[in-house]
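Visitor: I am attaching a structure below and will ask some questions about it afterwards.
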Amino acid sequence: MKKITLLSAAAIGFVLTSCSGDSDFEGYTKAENGLHYKFFNRNENGTKVNEGDGITFSYVISNNKNDSVIVDSKSVSQDGSGYTKFLMPKTSFVGSLEDGMYMMSKGDSASFIFSADSFFFKTMKYKELPPQFKPGEKLKAIVKIKDVLGKKELEENQKQQMADQEKMMKEAEAKEKGDLDKYLADNKVTVKPTESGLYFIEVKKGSGAKPKAGDQVEVNYTGRLLDGKLFDTSYEAVAKEGNVFNPQRPYGPIKFVLGQGQVIKGWDEAIAMLSKGGKAKIVLPSNIAYGPNGGGPIPPFAPLTFDVELVSFGPAPAQPEGQMPH
């Protein structure tokens, strides 16, 4: 089943008008738009949710017929808190979950019962109902609003986040040279860097010619941060030992075409310095690694070390006619 996530960024205004009425569900009130609602906590003085606001909230959506949970924010929140951030969109249909949330304010908690058909087809844009649902059935959502930020506050928060990020980037950039110099001194690296800043320390001399741009190479490798923390490797045993093992990944030498921008710049330069069977330790400043943005477990402006082995190389396979090279 497709995972349900409440993430959207549409922005057009909507105001819900509701009144008390009989509901088919015990303890609930039916609004004029057909939405059934029940408040557990109502903060009359809280900041009201409006379309375009940034809200922090928790939710559980279940099948109203049997209470089986469809999605719980505890299992999808990025920070593990159970709360998720959401930019309130235009209502996706009359009597929608969004309509219910527009009834709420900061600090409120409530439950809503609404059409499963409309939610899956109009809110989630599914092409068909999930198999556990029949036409006409209902969903139930329990929602708690932790925080509400208006447009002005969102803009101020974004500016502050950008300023904080810029400060962190500058601090990381300034720190890089000191960290790299310390690593070189502590590990008694005496080779001179190339023009790009690459430190190439030959560990085992290979035999024969060296690969050239356009050749397909096979390389084994282990990559670490300067503090020794493993972030990637082609060796399954090393991955398990370093707690980065991925059972879905095929381990073994990786293949790429040299000089085609398929790997970081430091790799293109370093692998071209090896012969078949050759091994080396290479130290890369961030400008020939992952740069100011980093990537995954690699922080911004992070120098890296790799143990690399050129297993084999040869002419790259011809691309099928009409197919662009990778």
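The values are calculated or read from the model by the stated rules, or taken from the named source; none is laboratory data. Remember, it's a predicted structure, so these values are computed and weren't measured experimentally. Every residue, glycine as well, gets a Cβ built from its backbone with ideal geometry; the counts of neighbours run over all protein chains shown.
Visitor: Return the residue satisfying two criteria in turn: it lies in the range 126-180 and is small (Gly, Ala, Ser) and closer than 30 Å to SER62 by Cα, and of such residues it is surrounded by the fewest Cβ atoms within 10 Å (Cβ to Cβ).
Guide: GLY136
Visitor: Could you please find all residues in the range 251-271 being more than 15 Å from TYR221 (Cβ to Cβ) and either buried (at least 16 other Cβ atoms within 10 Å of the Cβ) or among the basic types (Lys, Arg) (or both)?
Guide: Answer for the range 251-271, where residues must be more than 15 Å from TYR221 (Cβ to Cβ) and either buried (at least 16 other Cβ atoms within 10 Å of the Cβ) or among the basic types (Lys, Arg) (or both): VAL257, GLY259, LYS265.
Visitor: Please give the number of the condition SER62 fails out of (1) exposed (fewer than 15 other Cβ atoms within 10 Å of the Cβ); (2) touching a residue at least 24 places away in the same chain (Cβ under 8 Å).
Guide: (1)
Visitor: Looking for whichever is of a type outside the set (Val, Ile, Thr), on the phi > 0 side of the Ramachandran plot and exposed (fewer than 15 other Cβ atoms within 10 Å of the Cβ) here; the options are GLY34, GLY107, GLY80. Which one fits?
Guide: GLY80 is the lone residue from the list that is of a type outside the set (Val, Ile, Thr), on the phi > 0 side of the Ramachandran plot and exposed (fewer than 15 other Cβ atoms within 10 Å of the Cβ).
Visitor: Go through (1) among the hydrophobic types (A, V, I, L, M, F, W, C); (2) surrounded by fewer than 19 Cβ atoms within 10 Å (Cβ to Cβ); (3) part of a loop (DSSP other than H, G, I, E, B) and name the single condition VAL238 misses.
Guide: Condition not satisfied by VAL238: (3).
Visitor: Within the range 193-206, how many residues turn out to be part of a strand (DSSP E or B) and either in contact with a Lys or Arg (Cβ under 6 Å, 6 or more places away or on another chain) or of a type in the set (Phe, Trp, Tyr) (or both)?
Guide: Result for the range 193-206: 5.
Visitor: Scan the range 276-297 and give yes if some residue there is of a type in the set (S, T, N, Q), part of a loop (DSSP other than H, G, I, E, B), assigned by TED's automatic domain parsing to the domain that holds ARG224 and in contact (Cβ under 8 Å) with a residue 40 or more places away in the chain, otherwise no.
Guide: Checked against the condition, which is being of a type in the set (S, T, N, Q), part of a loop (DSSP other than H, G, I, E, B), assigned by TED's automatic domain parsing to the domain that holds ARG224 and in contact (Cβ under 8 Å) with a residue 40 or more places away in the chain, the range 276-297 yields no hits at all.
Visitor: Criterion first (in contact (Cβ under 8 Å) with a residue 60 or more places away in the chain and either surrounded by 19 or more Cβ atoms within 10 Å (Cβ to Cβ) or among the charged types (D, E, K, R) (or both)) does PHE313 satisfy it?
Guide: Yes.
Visitor: Oh, and also: Looking for whichever is closer than 30 Å to ASP67 by Cβ and under 26 Å from the mean Cα position of the chain (by Cα) here; the options are LYS167, LYS159, LYS125, LYS134. Which one fits?
Guide: The unique qualifying residue is LYS125.
Visitor: Assess whether LYS175 counts as being without any contact (Cβ under 8 Å) to a residue 60 or more places away in the chain and outside the structural domain of PHE86 (by TED's automatic domain parsing).
Guide: For LYS175, the condition - without any contact (Cβ under 8 Å) to a residue 60 or more places away in the chain and outside the structural domain of PHE86 (by TED's automatic domain parsing) - is not met.
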